[in-house]
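The structure appears below as C-alpha cells.
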Amino acid sequence: MGELKYLIIHCSATPAGRKITSDEIRRWHLQGRGWSQVGYADIIHLDGQVENMVEYNEDNWVDAGEITNGARGFNGVSKH
C-alpha cells in the first residue's frame, strides 16, 4: 500500500474484436492463475464502456482493498 504513482494499462491478449466479460477476466485471474485478486481495477470494453472490477476511492493512495495483481512489484502503488 502506498501513494498512487503509476497507471498501468494492460490488454486482454485476445484476438482483435473479441468481446470479453468481467466474469471471464475474473475466471482467468482467480481460477486460471490462482490469484487472490483480479489484475485490473477497470476494463474498457470495445464499445468504450468502462466497467469497474475493483471498488476504489478517488484519493491518491492505494489502500489494501484496492490492490490488484497486475504488475508484480508495483501493485501497491499502481492502478491497473
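The values are calculated or read from the model by the stated rules, or taken from the named source; none is laboratory data. Being a predicted model, the structure only gives us computed values, none of them experimental. All Cβ positions, glycine included, derive from the backbone under ideal geometry; neighbour counts span all protein chains shown. To get the accessible areas, we keep the full protein, side chains included, count just its heavy atoms, and leave off ligands, DNA and RNA. Shrake-Rupley method; radii C 1.70, N 1.55, O 1.52, S 1.80 Å.
Residue pairs whose Cβ atoms lie under 7 Å apart, separated by 6 or more positions or on different chains, with the first residue in the range 42-71 and over 19 Å from ARG27 (Cβ atoms) and in contact (Cβ under 8 Å) with a residue 24 or more places away in the chain and the second of a type in the set (Asp, Glu) and surrounded by 10 or more Cβ atoms within 10 Å (Cβ to Cβ), are ASN60/GLU3; TRP61/GLU3. Residue under question is ASN69, and the condition is that it be touching a helix residue (DSSP H, G or I) at 6+ places or on another chain (Cβ under 8 Å), loosely packed, with under 11 Cβ neighbours inside 10 Å and polar (S, T, N, Q); does it hold? In short, no.
Are any residues in the range 10-55 β-branched (Val, Ile, Thr) and surrounded by 10 or more Cβ atoms within 10 Å (Cβ to Cβ), and if so, which ones? Result: THR14, ILE20, THR21, ILE25, VAL38, ILE43, ILE44, VAL54.
When ASN75 is tested against (1) open to solvent by 70 Å² or more (accessible area, probe 1.4 Å); (2) without any contact (Cβ under 8 Å) to a residue 60 or more places away in the chain; (3) not hydrophobic (A, V, I, L, M, F, W, C), just one condition goes unmet, and that condition is (1).
Checking each residue in the range 1-12 for being farther than 16 Å from GLY73 by Cα and touching a residue at least 12 places away in the same chain (Cβ under 8 Å) picks out only SER12. Please work out which residue is surrounded by the fewest Cβ atoms within 10 Å (Cβ to Cβ), limiting yourself to the range 56-65 and to residues that are of a type in the set (Asp, Glu) and modelled with pLDDT of 90 or more. Among them, the one singled out is ASP59. Looking across the range 13-29, the residues that are without any contact (Cβ under 8 Å) to a residue 24 or more places away in the chain and of a type in the set (Gly, Ala, Ser) come down to ALA13, ALA16.
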